[in-house]
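Note sheet for the following structure.
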Amino acid sequence: MNINDKKYILENLNKENLVTEPFPFFCFDNFFSDTYYEELLRMKPLNEQFQNTDPNRTSNQYAINYRKRFNFVKDMHLLDTQRNNFWTEFIKLFTSQEFVKNILVMCEEPILKRYKIDNIEKLKLNIRMELIRDSGGYMISPHTDSPQKILTFLMYIPHDDDNLDLGTSLFQPKNKNFVSEEATQFNFDDFDEIKKMPFKKNFAFGFIKNEKSFHGRLPISKEFKGARDWINYSLQH
């Protein structure tokens, strides 16, 4: 990753992209430069290098059956030298103090409000990042994420724009007073879908975890034979 690619990514992280209702979230078209995105597609791990989801990690049976993962720590040894070098540089940027500070500053107000602090530097941070591949049959019902999450950031990395409807949806409970701090998954019937993110090339979005940050993925048809590839990045406290 050259200095211009890094600069391009960091300059995307500005408060103009932050929306506050129904909960704070942010979106980016063309999050990576065009040339870097094409390289990223070429450097994806091979299909056999993705690992099955550990049943001890989730109670979502659909993730166990229809989701594979590439872990940017324990699976790096599976890569050839060229891919290993690419993803090592990728990890270096996204775990850097500069990137973390920029994304926290972009989301500063809702984060300070949630934790009742006056400075984001008071947060104790843990970064989690992996590459995920969902297949036909996957779904996850509305939930707000683990209480340990500060924010979740999803980078979509499809090869084309043929499956725009496969993006993550934001939900609002039909009972406007309903909230959930835990990661409990609820019935779709009790929620209204208020926005669906487009699963398109080089699109990224994220949100601040709070008691209203309901999101999920409606069932993907089992007839879908492609791959729903995305990078899952989160900051945890």
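Each value in this text was obtained by applying a stated rule to the coordinates, not by laboratory testing. Just so it is clear, the structure is predicted and the values come from calculations on it, not from any experiment. Don't worry about glycine lacking a Cβ; one is built from the backbone with ideal geometry, like all the others, and counts go over all protein chains shown.
Once the C-beta distance of Lys222 and Asn175 is scaled by a Förster radius of 35 Å, the resulting FRET efficiency is 0.65 to the nearest 0.05.
Listed by chain and number, the lysines placed with their C-alpha closer than 28 angstrom to that of Lys124 are Lys6, Lys7, Lys15, Lys74, Lys92, Lys101, Lys113, Lys116, Lys149, Lys209, Lys212; residues fewer than eight positions away on the same chain are left out. Placing a label point 7 Å from the Cα of Asp54 along the Cα-to-Cβ direction, the residues of the stretch 127-159 with a backbone N closer than 15 Å are 128-131.
Over the chain, the ratio between the Cα radius of gyration and 2.2 N^0.38 Å evaluates to 0.99. The string of couplings for the stretch 170-182 from the Karplus curve (6.51, -1.76, 1.60, θ = phi - 60°) is 9, 10, 10, x, 5, 7, 4, 8, 6, 9, 8, 8, 7 Hz, one whole number per residue in order, with x for Gly and Pro.
Scattering from the stretch 1-75 was approximated by placing one identical point on each alpha carbon and applying the Debye formula without solvent; log10 I(q)/I(0) at 0.17 1/Å stands at -0.96. Under 13 Å from a label point set 7 Å out along the Cα-to-Cβ vector of Ile64, no amide N atom of the stretch 140-159 is found. Seen from every direction in turn and averaged, the convex hull around the alpha carbons of the stretch 143-237 projects onto 6.2 nm². With the highest mean first, a sort of the peptides 36-43, 183-190, 196-203 on other beta-carbon atoms found within 10 angstrom per residue produces 196-203, 36-43, 183-190. The equivalent ellipsoid of the stretch 29-145 has semi-axes of 28, 22, 14 Å, largest first, where each one is the square root of 5 times an eigenvalue of the Cα gyration tensor.
Just need the relative contact order of the chain here, percent rounded to a whole number, with Cα pairs under 8 Å and 6+ apart.
Working: 445 pairs, mean separation 66.6, N = 237.
So the answer I get is 28 percent.
The label-point distance for Gln82 and Glu39, in a model that sets each label 7 Å from Cα toward Cβ, rounds to 1.3 nm.
For the stretch 155-161, the Karplus equation 6.51 cos²θ - 1.76 cosθ + 1.60, evaluated at θ = phi - 60°, returns couplings of 10, 7, 9, x, 7, 8, 10 Hz by residue, with Gly and Pro reported as x. Each of the peptides 157-167, 212-222 was scored by the mean count of other Cβ atoms within 10 Å over its residues; in descending order, highest first, they stand as 212-222, 157-167.
Between Tyr156, Tyr115, Tyr138, the residue with the greatest mean-square fluctuation in the GNM of the chain (Cα pairs under 10 Å linked by springs) is Tyr115.
Here the calculated FRET efficiency for Leu10 and Lys196, from their Cβ-Cβ distance with R0 = 30 Å, stands at 0.60, rounded to the nearest 0.05. What the phi angles of the stretch 204-212 give under the Karplus curve with 6.51, -1.76 and 1.60, with θ = phi - 60°, is a coupling list of 9, 8, x, 8, 8, 5, 8, 6, 10 Hz, glycine and proline written as x.
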